[in-house]
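The values are calculated or read from the model by the stated rules, or taken from the named source; none is laboratory data. On a predicted model such as this, the values are computed, not experimentally measured, just so you know. Cβ placement follows ideal geometry from the backbone for every residue including glycine, while neighbour counts extend to all protein chains displayed. Side chains are part of the model used for accessible areas, which takes the heavy atoms of the whole protein and leaves out ligands, DNA and RNA. Shrake-Rupley method; radii C 1.70, N 1.55, O 1.52, S 1.80 Å.
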Amino acid sequence: MVKVENSNSVVVVMPTEVDRVTVVNAGELKGVLMEQFANTTCDIVLDLGNIKFIDSTGISVLISGVKASREKDRKFTLRNVRGEVAKLLALMKIDKILDIEK
């Protein structure tokens, strides 16, 4: 469900085969993100291009990514945030603590 690509000095993590990050699959996504923070020295990009919905468990994965990036002194960026996901992040004001590519 999660694809990982190394591109230059950046690791791109992308959920695949799903269009939602929920309690059902957020654990796998978090595991992959934390593994990348632990095992690489690269900045991490989370590509949400396929994601149309994210629940509170998915939001906690994003917050965990921010925390890990600060602890490891690395950059954590969201890419391709659209639609309802972008609206939710803005509504919750989480877009203020996340680095979101425009």
Rounded to 5, the percent of DSSP beta bridges in the chain classed as antiparallel
35 percent
Which value, in Å³ per residue, describes the convex hull spanned by the Cα atoms of the stretch 48-102?
73 Å³
As an exercise, identify the trypsin sites (Lys or Arg not before Pro) in the stretch 28-94 lying in DSSP coil whose Cβ has no more than 10 other Cβ atoms within 10 Å.
LYS93
Which value in deg cm²/dmol, rounded to the nearest 500, describes the helix-derived mean residue ellipticity at 222 nm for the chain, given -39,500 (n - 2.57) per DSSP H run of n ≥ 4 and division by the residue count?
-12500 deg cm²/dmol
Carbon and sulfur atoms account, in whole percent of the 1.4 Å probe accessible area of the chain, for 49 percent
Per residue, the convex hull enclosing the Cα atoms of the chain spans a volume in Å³ of 86 Å³
Which residues make up the longest stretch of the chain clear of GluC sites (Glu not before Pro) that lie in a DSSP loop with no more than 11 other Cβ atoms within 10 Å, not counting the sites?
18-100
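For a test of the definition: using alpha carbon positions, the gyration tensor, and the 1.5 limit on a/c, classify the stretch 10-55 as rounded, prolate or oblate.
Oblate is the answer for the stretch 10-55, as a/c is 1.5 or above yet b/c matches or exceeds a/b.
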Whole-Å distance, taken between Cα centres, linking the stretch 3-61 and the stretch 88-102:
16 Å
Using the heavy atoms of the protein chains and a 1.4 angstrom probe, tell me the accessible area per residue for the chain in square angstrom.
57 Å²
